[in-house]
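Below is one structure; the comments refer to it alone.
No value in this document is a laboratory result; all are computed from the given coordinates. Everything numeric in this text was worked out from a predicted model, so none of it was measured. All Cβ positions, glycine included, derive from the backbone under ideal geometry; neighbour counts span all protein chains shown.
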């Protein structure tokens with residue numbers, strides 16, 4: 001009987017098994033190739049600029065297509081400043097929203113709000129950008145920026161901080177738009193993270209008489225600590241790489257921003273604005289080098305985020 | 001002297017209020033954005049949008065060429081992305097997901113999932129546009145496909161892992177070759193979930209602007225040839241919103257509303273399908 005099974009001819013179509021597995025493996029490898037391709041093409045494309053300017057590329061601020069002198073410090077600082085400002089504004093609100101939805105919100109309301117938040121996370125960035133340009137910027141210039149500039153005491157730090165052309169297109173409004181954009185995304189992921197906390201853990205804390213604040217502060221947040229940092233990094237990664245919304249509203253000025261209300265640029269916005277109109281070989285190379293810098297920064301941030309979230313998933 | 005329990009209760013009340021306020025604040029801000037989008041966009045939404053091409057400033061026009069270009073590029077991108085993504089996800093779920101290489105692939109796929117889309121545009125520029133000496137709708141589709149593949153891969157793996165092993169064992173017990181089991185049983189059982197993954201990926205790429213700027217570029221005219229520069233809705237919105245002409249800006253708002261509505265609709269359809277799947281006995 002066993003012999004009969006062992007000597008039975010292989011099933012029809014079994015010859016295709018290794019081919020199918022090979023095709024699947026090939027597709028998985030294509031993914032790696034795509035990522036490797038991004039790095040390699042950016043490195044090759046940006047190499048002329050990097051080798052020509054050397055370290056000066058990262059620390060100088062002149063960006064002049066006429067004299068062919070390029071320094072990336074302006075966009076690098078602009079990217080970091082807008083992203084961290086956006087994170088600082090979005091993080092407390094996102095945490096508040098997700099905690100409210102998981103812990104306090106009446107059940108019939110929690111589900112629709114959560115779905116709405118997730119849907120809003122999918123709205124394309126160009127929509128946020130247009131809103132920023134046509135609605136937020138004029139409002140901000142008239143009702144926030146001008147009064148602040150007028151009332152800043154001369155010679156104080158506020159005067160320096162609020163200096164700028166009052167048209168609403170500046171570092172601060174760009175950060176604000178970024179914050180609004182990453183807010184639903186972060187809130188949605190935070191909510192999923194909080195839902196992974198086992199009910200027993202939460203209930204035992206309530207059982208010894210903790211208030212909800214103490215349950216969240218001493219039990220829930222420590223429980224998801226690693227993952228929460230991962231979510232923050234994911235939000236930061238989004239803000240760092242966001243292109244269209246920022247391009248609309250940051251003012252697109254090269255060089256270091258001199259104040260909170262000064263126009264500036266980010267790595268992504270500079271590439272988006274100038275790449276198709278790049279005049280010389282060196283201009284294109286410098287823009288590609290900006291892309292490489294952006295890749296290195298975001299890859300680092302996203303890799304840390306994923307490592308932290310992975311650990312959470314398997315704990 | 002306030003007693004400790006009172007203090008704790010007070011701190012807690014403040015905290016709950018702060019969380020509620022944050023929610024109200026967030027929903028108000030986002031609702032305000034949608035409201036002004038509808039208010040500004042709905043005036044421009046007429047039959048011309050779908051029947052006329054992008055106009056010169058001052059003349060009547062619509063967004064037909066942009067809508068068509070977007071649909072063509074997204075369709076081609078999805079065809080490529082679904083092919084690669086479903087196979088890659090299948091490999092992760094059914095074959096090598098537990099191997100060290102599988103962990104590397106999954107990790108880098110997660111990174112790609114959130115990578116800045118403009119970098120994909122730069123990559124495709126070097127990969128397709130520069131060697132072929134020209135912007136093309138085809139290059140745009142490749143860029144969009146690269147953005148969709150990680151989404152499809154991720155959802156495919158997740159949904160295939162949900163299929164019970166009993167199904168795989170049943171297939172094996174009948175002597176069915178593994179690929180037939182996967183194709184006839186696993187994929188079929190996961191059909192709704194796979195469809196949702198595809199829809200989510202489609203929603204993600206249909207609003208992407210940055211990767212199209214220097215791959216598909218733009219085109220003022222109706223164009224069915226993807227080897228030429230091709231207009232897309234997001235690129236036209238970008239160009240028109242930053243222009244100085246009122247009628248172009250009106251079209252940009254209408255286009256933005258159109259994109260936001262379609263993305264919302266696709267996402268909702270995807271969710272409905274996923275919800276129906278999970279309630280299936």
- prompt: Average partner chain C-beta neighbours within 10 Å, per residue of A:155-166?
  reply: 0
field: Label-point separation in nm, residue B:170 to residue B:222, each point 7 Å along Cα→Cβ
entry: 5.1 nm
task: Assuming R0 = 35 Å, can you tell me the calculated FRET efficiency for the pair residue A:221 and residue B:272, based on Cβ-Cβ distance, to the nearest 0.05?
output: 0.55
- prompt: Within 10 Å of each Cβ of B:8-20, how many other protein chain Cβ atoms are there on average?
  reply: 5
Distance (nanometres) between label positions extended 7 Å along Cα→Cβ at residue B:38 and residue A:156: 4.2 nm
task: Report the FRET efficiency, 1/(1 + (r/R0)^6), for residue B:6 and residue A:104, where r is their Cβ-Cβ distance and R0 is 25 Å, rounded to 0.05.
output: 0.75
Partner chain coverage, peptide B:28-35 - average Cβ within 10 angstrom: 5
field: the range A:73-209: equivalent-ellipsoid semi-axes (sqrt of 5 x gyration tensor eigenvalues, Cα, Å)
entry: 37, 18, 14
- prompt: For residue B:183 and residue A:32, what is the calculated FRET efficiency with R₀ set at 22 Å and r taken between the beta-carbons, to the nearest 0.05?
  reply: 0.35
statement: Distance in Å, no decimals, from the C-alpha centre of the range A:278-308 to the one of the range A:79-157 is 26 Å
- prompt: Between the range B:1-47 and the range B:126-186, what's the alpha-carbon centroid distance in Å?
  reply: 40 Å
- line: Here, residue A:195 and residue A:148, labelled 7 Å along Cα→Cβ, have an inter-label distance in nm of 3.7 nm
- prompt: What percentage of all Cα-Cα pairs in the range B:43-147 are separated by more than 22 Å?
  reply: 52 percent
query: For the range B:149-281, what log10 I(q)/I(0) values come out of the Debye formula at q = 0.10, 0.16 1/Å, with one point per alpha carbon and no solvent?
result: -0.51, -0.88
message: Just to be sure I understand: if I project the alpha-carbon convex hull of chain B onto a plane and average over all orientations, what area do I get in nm²?
response: 23.2 nm²
- line: Packing-ranked peptide list from B:136-145, A:205-214, highest mean Cβ count within 10 angstrom first, is B:136-145, A:205-214
statement: Normalised Cα Rg of the range B:97-175, dividing by 2.2 N^0.38 Å with N its residue count, works out at 1.54
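Suppose a student asked you for the relative contact order of the range A:155-269, using Cα pairs under 8 Å spaced at least 6 residues apart; what percent would you report?
49 percent
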message: Can you tell me, using C-alpha contacts under 8 Å and at least 6 residues apart, the relative contact order of chain A as a whole percent?
response: 28 percent
Whole-Å distance, taken between Cα centres, linking the range B:82-99 and the range A:204-275: 32 Å
- request: Run a plain Debye calculation on chain A (Cα atoms as equal point scatterers, no solvent) and give log10 I(q)/I(0) at q = 0.08, 0.10 Å⁻¹, rounded to two decimals, same order as the q list.
  value: -0.51, -0.73
message: Expected output is a single nm value to one decimal: the length gained when fully extending between residue A:47 and residue A:307, i.e. 0.36 nm times separation in residues minus the C-alpha distance. What is it?
response: 90.6 nm
- prompt: Over chain B, what relative contact order in percent results from Cα pairs under 8 Å that are six or more residues apart?
  reply: 26 percent
query: For the range A:182-271, what is the convex hull volume of the alpha-carbon atoms per residue, in Å³?
result: 122 Å³
Kirkwood Rh in Å, taken over the protein assembly as shown so that all alpha-carbon pairs contribute: 25.8 Å
task: Compute log10 of I(q)/I(0) for the range B:4-44 with the Debye formula, placing one identical point scatterer on every Cα and leaving out solvent, at q = 0.27 Å⁻¹, to two decimals.
output: -0.82
- prompt: How do the peptides A:81-94, B:179-192 rank, highest first, by the average count of neighbouring beta carbon atoms within 10 Å per residue?
  reply: A:81-94, B:179-192
field: Burial ranking of peptide ranges A:275-284, B:11-20 (average Cβ count within 10 Å, highest at the top)
entry: B:11-20, A:275-284
